[in-house]
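First the structure, in the form of structure tokens, and then the observations on it.
Just so you know, all these numbers are worked out from the coordinates, no wet-lab data involved. These numbers come from a predicted model, not from an experiment. Cβ atoms come from the backbone with ideal geometry, glycine included; neighbour counts cover every protein chain shown.
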Amino acid sequence: MLSSDRFDVEKYIKNIDAEIFGIDLHWLPHVHGAFNIARVIKRIHPNSKILMGGFSASYFSEDIMLNNQSVDFILAGDFVEKQLVTLMKSIESNGNLEYVPNLWYRKDLKIHHNSPLKDPNPTDAVFIDYSILIKNAIRYHDIKGHIPYYSWIKNPTGMTLIQRGCQFNCGFCGGSNYAYKNKYFENSPVRRDPKRVVEEIEIVQDTINAPVFIAGDLNQAGKEYYMQVFREIKERGIDLPLLTEYFVPPGSRIFSGTI
Ligand code: SF4
């Protein structure tokens with residue numbers, strides 16, 4: 001859309017044949033686009049279902065289900081990867097939605113909401129695999145449709161994240177510790193296994209060989225955690241520029257003499 005004035009949204013959507021369209025409604029800047037795209041999809045594919053997810057979709061799930069008939073489902077909360085698979089299987093088989101955790105849906109003119117999944121290992125289904133992005137771009141003959149941002153072809157970066165949720169409570173933030181624990185998942189933050197994080201970085205090296213942004217404050221995760229990340233990086237022979245973020249300035253020890 002950004003790279004061509006001639007990009008025709010409706011034509012693009014018409015060419016997609018899918019039973020379910022998933023729309024990300026995470027931060028509030030997504031609101032305008034998310035609901036308008038939902039309306040366009042519903043007009044063009046009235047028999048397809050529209051699923052929303054993300055922090056804002058979760059926080060306002062009841063309002064959305066009450067006021068937006070284009071939206072059929074919301075998977076509310078974080079860590080809904082497994083629930084998405086359950087939803088797809090249930091639609092493919094019997095259409096029985098009452099056993100899909102975290103799901104908001106309509107039945108018999110009523111809005112229903114299923115309890116969230118009790119998941120002791122929520123991070124095991126989280127994995128950002130850039131090789132899938134490349135494979136899908138080739139399989140569907142659609143490179144531009146798979147790139148994460150406009151200038152990615154010229155200036156690619158990979159991304160991994162060390163945690164979901166946050167330890168801080170910035171008053172303006174819908175993803176804060178308080179918001180997360182009350183609306184999205186029972187704990188916050190939930191750290192990922194450092195090995196899995198570095199495995200993702202290695203895949204970036206093997207596929208797009210670009211700098212990697214490590215989202216989440218490594219220093220706040222503690223010395224044991226960041227040392228394990230750096231050790232894994234070294235042992236796997238990863239040699240990429242890494243971009244790190246810090247919510248509180250770290251001491252100089254994190255940058256020197258630790259590896
Ligand atoms: S540090 Fe970032 S994610 Fe955490 S509460 Fe503040 S703004 Fe939100």
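Here are some notes:
- Lysine pair number, Cα distance threshold 16 Å (strictly under), the stretch 9-113, separation 8 or more or different chains: 5
- Against the main long axis of the alpha-carbon atoms of the chain, helix 194-207 sits at an angle near 80°.
- Relative to the dominant Cα principal axis of the chain, helix 223-235 is inclined by about 80°.
- 0 to 90° range, to nearest 10: angle between helix 81-92 axis and the chain longest Cα axis: 30
- Given charges at beta-carbon only (K, R positive; D, E negative), |dipole| of the stretch 9-113 in Debye: 300
- Kirkwood Rh, angstrom, the stretch 122-254 [1 / mean 1/r, Cα pairs]: 16.2
- When the Cα positions of 251, 125, 237 are compared along the charge dipole of the stretch 122-254, 251 comes out farthest toward the positive end, with charges on each C-beta of Lys, Arg, Asp and Glu.
- Computing FRET efficiency as 1/(1 + (r/R0)^6) for residue 2 and residue 223, where r is the C-beta to C-beta distance and R0 is 35 Å, gives about 0.25.
- Disulfide-incompatible cysteines by the Cβ rule (no partner under 4.7 Å) in the chain: 166
- Dipole magnitude of the stretch 89-201 about its Cα centre (Cβ charges: Lys, Arg +1; Asp, Glu -1), debye to nearest 20: 220
- Taking the Cα centre of the chain as origin and assigning +1 to Lys and Arg Cβ atoms and -1 to Asp and Glu Cβ atoms, the resulting dipole is close to 240 debye.
- Antiparallel DSSP beta bridges within the chain, as percent of all bridges there, nearest 5: 35
- Counting other Cβ atoms within 10 Å as a rough exposure proxy, the listed residues 112, 26 run 112, 26 from fewest neighbours to most.
- Within the stretch 122-254, percent of DSSP bridges classed antiparallel, to nearest 5: 20
- Computed over the chain, the percent of Cα pairs more than 31 Å apart is 34.
- Loop trypsin sites (Lys or Arg not before Pro), the stretch 89-122 (other Cβ atoms within 10 Å of the site Cβ: 11 or fewer; DSSP): 118
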